1. Under a crude label model (7 Å from the Cα following the beta-carbon direction), how far is residue 128 from residue 32 in nanometres?
2. Please turn the phi angles of the range 126-141 into ³J(HN,Hα) values with the Karplus equation 6.51 cos²θ - 1.76 cosθ + 1.60 (θ = phi - 60°), one per residue in order, whole Hz, x for glycine and proline.
3. Using alpha carbon coordinates only, what is the Rg to Rh ratio of the chain, with Rh defined as the Kirkwood radius?
4. In what order do 16, 193 fall by count of nearby beta-carbon atoms within 10 Å, going from fewest to most?
5. Out of residues 5 or more away from residue 220 or on other chains, whose amide H comes under 5 Å of its own, with H placed 1.01 Å from N in the peptide plane?
6. At 0.36 nm per residue, and after removing the present C-alpha to C-alpha distance, how many nm does the segment from residue 58 to residue 194 gain when stretched out fully?
7. Provide Rg and Dmax in Å for the range 3-55, with only Cα atoms included in the calculation.
8. If each residue of separation counts as 0.36 nm, what is the full-extension length gain between residue 39 and residue 209 once their alpha-carbon separation is subtracted?
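Taken together, the values in this text are just the output of simple stated rules run on the coordinates, not laboratory data. This is a predicted model, so every value here is computed, not measured. Don't worry about glycine lacking a Cβ; one is built from the backbone with ideal geometry, like all the others, and counts go over all protein chains shown.
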Amino acid sequence: MRLDKFLADSGYYTRSEAGRLIRRGGVAVNGTVVKDPSAKIDENTASVTAEGRTLGYMKFRWLMLNKPEDTTSTTEEGDSKSVMKLLPPEFSGRDMFPCGRLDIDTTGLLLITDDGQTAHNLLSPKHHCEKTYRFTCLPVDEDAVAKLEGGIELSDFTSRPCKVNMTDPEHGEITVTEGKYHQIKRMFHAVGSEILTLERITFAGLELDPGLARGEWRELTDDEIAVLMKHNG
Ligand code: URA
């Protein structure tokens with residue numbers, strides 16, 4: 001692959017920063033300074049140092065975003081509310097996309113990646129990957145909670161059994177293993193309640209980092225990626 005692309009993919013530089021740095025003589029490949037941004041290197045074996053730092057090639061990127069309200073989970077360029085607008089330009093050269101959808105008013109854990117195959121596997125209905133949401137709702141009683149947990153017949157599908165933990169009649173957490181359109185809102189509507197706020201706090205074994213304010217993101221750690229890969233069966 002091209003040397004400037006390798007540098008950009010490492011996450012430290014944009015493609016144009018990488019080009020400038022290479023031309024200035026700031027990058028060495030296997031100990032030799034290379035000043036041609038288009039020089040071809042083998043990303044699997046080359047040792048690339050830039051400004052004294054040895055860079056590893058990151059094939060895929062995984063980000064955890066704390067999605068704020070009034071943002072959409074689309075990748076459309078023209079959508080000014082897209083969560084993709086919260087990321088810096090270094091990611092624009094990669095085909096990053098949100099791993100799954102949250103409604104415009106749902107907040108919390110949203111993964112963003114360019115690893116299409118793993119994302120596809122995690123989102124596949126076959127995988128029953130767990131997601132927990134913290135919610136506030138119009139009051140529900142024990143009967144309604146039992147119905148939610150047992151599975152609710154909706155117009156186009158019946159929800160799978162799930163776990164609901166209420167802290168009081170208007171607050172709780174629900175863990176589901178599927179992700180149909182407006183699913184949780186529709187389930188609560190079906191038992192005579194309404195969801196008022198919804199925040200995703202776990203996804204496929206990962207927990208929303210409490211250190212991330214709404215709208216903030218960070219790279220997943222290697223351990224978190226390992227957890228995802230376990231769910232990637
Ligand atoms: N269920 C919903 O109703 N909305 C979401 O955003 C996620 C799950």
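1. Roughly 5.7 nm, to one decimal.
2. Computed from phi, the couplings for the range 126-141 are 5, 7, 6, 6, 7, 9, 10, 10, 8, 9, 10, 8, 5, x, 10, 9 Hz.
3. 1.09
4. On the way: 16 12, 193 21.
Final ranking by Cβ density, sparse to dense: 16, 193.
5. Residues meeting the amide H criterion: 62, 63, 64.
6. 44.6 nm
7. 9.3, 25
8. Numbers: separation 170, 0.36 × 170 = 61.20 nm, distance 3.95 nm.
Additional length available on full extension: 57.2 nm.
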